[in-house]
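Engineer: A single structure is presented below for examination.
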Amino acid sequence: MATNSQPAAFQSSGSDLLVVEDLKKHFPVTRGIVFQKQIGAVKAVDGVSFTVREGETLGVVGESGCGKSTMARCVMRLLDPTGGRVVFDGRDITNLSRAQLRPIRREMMMIFQDPYASLNARKRVGFIVAEALEVHKLGTPAEVKRRVQELLEVVGLNPEHYNRFPHEFSGGQRQRIGVARALAVNPKLIVCDEPVSALDVSVQAQILNLLKDLQRDFGLTYVFIAHDLNVVRHISDRVLVMYLGHTVELAARHQLYSEPKHPYTGALLSAVPIPDPEVGRGRKRIVLEGDVPNPINPPSACWFHPRCPRFREGHCDVETPPLYEFGDGHVAACHYPLERWPMTEEEMRRAGSSPTTATPAAG
Amino acid sequence: MSLLEVSDLKTHFRTDDGIVKAVDGVSFSVEKGQTLGIVGESGCGKSVTCLTIMGLNPKVNTISSGEVLFKGEDILHTSASKLRQLRGDEVAMIFQDPMTSLNPVYTIGAQLVEAVLLHRDVTKKQARSRALELLKAVGIPRAERRIDDYPHQFSGGMRQRVMIAMALVNDPDLLIADEPTTALDVTTQAQILELMMRLQEDFGSAIMIITHDLGVVAEIADDVIVMYAAQIVEQGSANTIFKRPHHPYTWGLLGSLPRLNADVERLVQIKGQPPSLLNPPRGCRFHPRCPYVFNICKEQEPRLLPVSDQGEHLQRCHLDEETKDREAQKLLAGMMAEA
């Protein structure tokens, strides 16, 4: 894999299409109707950094409410970040105005989770796919129509369905329309926000194969958000694990799945059901207690410590772990990283008495 | 005698466009303490099967036939009051969506207590302590305080636990779970599955679990039914279904699953869409999507027959067994390639 060449995880290089540095998004919590005052903030995303190289797929996983979607919307500038920087194709887009952003929006598109809610039910498919072309004034009406029909064919739909309405299509077909819409303006980057979560496994496989084919044919770069670790493993080159708005671990796919360092990644991996009765039942799962904490009032220091089997009092709840380096761009935010994998919850608890000797990554 | 015996169950809905055959001749049985998994794509009739067993289909436009015997008694053609006694007591159901299946204007305590009072001759106080006991059993922290909270004050995973507590409050003999973990994160899913298995050990109930996630089925089911277009296409023990699947549809489902322990460049995909149940295809219902289709498939509907050397393993396909064994092994080998 070409992703192992870089020494530091966040060091930008010429081939980086997207660089995100210390991205923050805080939503204010206010009290009062006339005289509003801010009494707190939901730190939905709190200091996430990563880079995406041209032509690769970065998978983002985490439980619901961990800030994956907010992060994606900030990258797309659908939300304005509270802090940090988003550099797309060598250009800082964090503070660009709407007018300045417009030409850049052509280069980055998004595919949404719910194929039922993300298509306008009152518009014909032809219009939905052509809208971006018209906004960016690309081509005459005849050219636009030809392009739309070509796109429908590319995503495996019948071009003659140009005049149909979204309700005439099944879930999988609608998601194909969503893909065609994202492809319309020849973007470089496509942010996929849970594109297959709402679909049946067989349809999910169709869409995943389609996304892979399109990446190969058009040299696309994906940021792929999902909560299904099997899906992320299938499609990603590198994977970012998020918890409560923070980066927990970032590594090349094979490293992350074969030697996870953070106990949270370990717990996620062990929770994935394995479709094989012999393997699936024999293993011991690491079952995390409780739910994701409230981001208005997150735990002190390491955000994972109240649920962590490796929690050490006086260290984990006092000192915030930096992102430690484990070589080949593999970073994890844990004082007591996993020594090996797989391991059971008891082993996790017992081992890991000495803090990591790895060096913190240069932020 | 099996706990639940379903034979030749048919559920048809009258609609403006014609008759939708949502369940078309389904037979199976569930034993005490066993877990049966039902898998299939959306719209294959798995949920309707369960709703029919529970007698929860709308009366106006439903035509049901066949036989559903629960403890030897026919519950398909019984009175509404008899069913009401059964539901929530001996047979309980966990619904898919914990967000919409709890009543938002009552506290969860009130809803749990109601379930107890309906079926047991106890005081309110006793019912409340029973409710509390169950909330603790399903792992709701600080249950004494949370019992008076409203559903919106709980997270998705917590609400699903409340649903499970409500289903178990009267020690049902049969628990029907319709996609109990589909709306949840993997970590919460692991917690809920663990909980269901533990409760099954403690109470000895039988579980019917409906899901489209083959991973979940492999983890907890003893027997598996694969449904396609309102019919059972394959039926057998979990080990057989995953190790020696004999129907091309099952192969498609297994192959379309991305896995943690295997690398494949492209997933197997089942081409096309599930057929309309208004007008299912002639012959084998899977033939328009089947890569192994040959002439007879288009003409003659295959029957659900046992695989020669195993009486328990049933399948509905015209292909000869030799080919099926070979293809199944190929598929499994492909999946295990780089495991």
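The values are calculated or read from the model by the stated rules, or taken from the named source; none is laboratory data. Predicted model only: the values in this text are computed from it and were never measured. Methodologically, a virtual Cβ is constructed for each residue, glycine included, from the backbone with ideal geometry; neighbour enumeration extends over all protein chains shown.
Engineer: Right, B:S237: within 14 Å of chain A (Cβ to nearest Cβ) and surrounded by fewer than 22 Cβ atoms within 10 Å (Cβ to Cβ) or not?
Structural biologist: Yes; evaluated as a whole, the condition is true for this residue.
Conditions tested, residue by residue: (1) in contact with a Gly (Cβ under 9 Å, 6 or more places away or on another chain); (2) β-branched (V, I, T); (3) not in a helix (DSSP H, G or I); (4) not assigned by TED's automatic domain parsing to the domain that holds B:V216.
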| position | (1), (2), (3), (4) |
| --- | --- |
| B:Q160 | no, no, no, no |
| B:M163 | no, no, no, no |
| B:P172 | yes, no, yes, no |
| B:L175 | no, no, yes, no |
| B:A183 | yes, no, yes, no |
| B:T187 | yes, yes, no, no |
| B:L193 | no, no, no, no |
| B:L199 | no, no, no, no |
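Engineer: State which residue is farthest from the other protein chains (Cβ to nearest Cβ) when the search covers only segment A:277-294 and only residues that are under 17 Å from B:S237 (Cβ atoms) and out of contact with any helix residue (DSSP H, G or I) (no Cβ under 6 Å at 6 or more places or on another chain). Outline the logic, then answer.
Structural biologist: Keep residues of segment A:277-294 that are under 17 Å from B:S237 (Cβ atoms), which gives A:277-282.
Subset that is out of contact with any helix residue (DSSP H, G or I) (no Cβ under 6 Å at 6 or more places or on another chain): A:278-279, A:281-282.
Values: A:E278: 7, A:V279: 7, A:R281: 7, A:G282: 11 Å.
Step by step, filter segment A:277-294, then rank; the result is A:G282.
Here's the yes/no breakdown for (1) in contact with a Lys or Arg (Cβ under 7 Å, 6 or more places away or on another chain); (2) closer than 30 Å to A:F169 by Cα; (3) surrounded by fewer than 16 Cβ atoms within 10 Å (Cβ to Cβ); (4) at pLDDT below 95:
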{"site": "A:S64", "(1), (2), (3), (4)": "no, yes, no, yes"}
{"site": "A:T94", "(1), (2), (3), (4)": "yes, no, no, yes"}
{"site": "A:A99", "(1), (2), (3), (4)": "no, no, yes, yes"}
{"site": "A:I111", "(1), (2), (3), (4)": "no, yes, no, yes"}
{"site": "A:V125", "(1), (2), (3), (4)": "yes, yes, no, yes"}
{"site": "A:L133", "(1), (2), (3), (4)": "yes, yes, no, yes"}
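Engineer: When you scan segment B:58-73, how many residues do you find that are touching a helix residue (DSSP H, G or I) at 6+ places or on another chain (Cβ under 6 Å) and either within 14 Å of chain A (Cβ to nearest Cβ) or more than 20 Å from B:S276 (Cα to Cα) (or both)? Can you show your working first?
Structural biologist: Taking segment B:58-73 and keeping what is touching a helix residue (DSSP H, G or I) at 6+ places or on another chain (Cβ under 6 Å), we get B:64, B:68.
Okay, now just the ones that are also either within 14 Å of chain A (Cβ to nearest Cβ) or more than 20 Å from B:S276 (Cα to Cα) (or both), so B:68.
Count: 1.
Engineer: Quick check: is even one residue across segment A:70-86 buried (at least 23 other Cβ atoms within 10 Å of the Cβ), among the charged types (D, E, K, R) and either modelled with pLDDT of 90 or more or in a loop (DSSP other than H, G, I, E, B) (or both)?
Structural biologist: Checked against the condition, which is being buried (at least 23 other Cβ atoms within 10 Å of the Cβ), among the charged types (D, E, K, R) and either modelled with pLDDT of 90 or more or in a loop (DSSP other than H, G, I, E, B) (or both), segment A:70-86 yields no hits at all.
Engineer: Could you check, for segment B:293-314, whether at least one of its residues is under 28 Å from A:G171 (Cβ atoms) and within 14 Å of chain A (Cβ to nearest Cβ)?
Structural biologist: no
Engineer: Could I ask something else about it? Within segment A:199-245, which residues are part of a loop (DSSP other than H, G, I, E, B), within 13 Å of chain B (Cβ to nearest Cβ) and under 30 Å from A:F27 (Cβ atoms)?
Structural biologist: Residues satisfying the conditions are A:L199, A:A226, A:H227, A:D228, A:S236.
Engineer: Next question, about the same structure. Quick check, is B:H119 touching a residue at least 24 places away in the same chain (Cβ under 8 Å), farther than 29 Å from B:G215 by Cβ and away from every other protein chain (no Cβ under 14 Å)? Show your work before the answer.
Structural biologist: Working: touching a residue at least 24 places away in the same chain (Cβ under 8 Å): yes; farther than 29 Å from B:G215 by Cβ: yes; away from every other protein chain (no Cβ under 14 Å): yes.
For B:H119, the condition - touching a residue at least 24 places away in the same chain (Cβ under 8 Å), farther than 29 Å from B:G215 by Cβ and away from every other protein chain (no Cβ under 14 Å) - is met.
Engineer: Scan B:L102, B:L56 and give me the residue that is in a loop (DSSP other than H, G, I, E, B), over 17 Å from the mean Cα position of the chain (by Cα) and either hydroxyl-bearing (S, T, Y) or not assigned by TED's automatic domain parsing to the domain that holds B:P280 (or both).
Structural biologist: Numbers: B:L56 fails: over 17 Å from the mean Cα position of the chain (by Cα).
Sole residue among the options that is in a loop (DSSP other than H, G, I, E, B), over 17 Å from the mean Cα position of the chain (by Cα) and either hydroxyl-bearing (S, T, Y) or not assigned by TED's automatic domain parsing to the domain that holds B:P280 (or both): B:L102.
Engineer: Turning to a different aspect of this structure: Which one of these does B:D263 not meet: (1) closer than 30 Å to B:A92 by Cα; (2) more than 8 Å from every other protein chain (Cβ to nearest Cβ)?
Structural biologist: (1)
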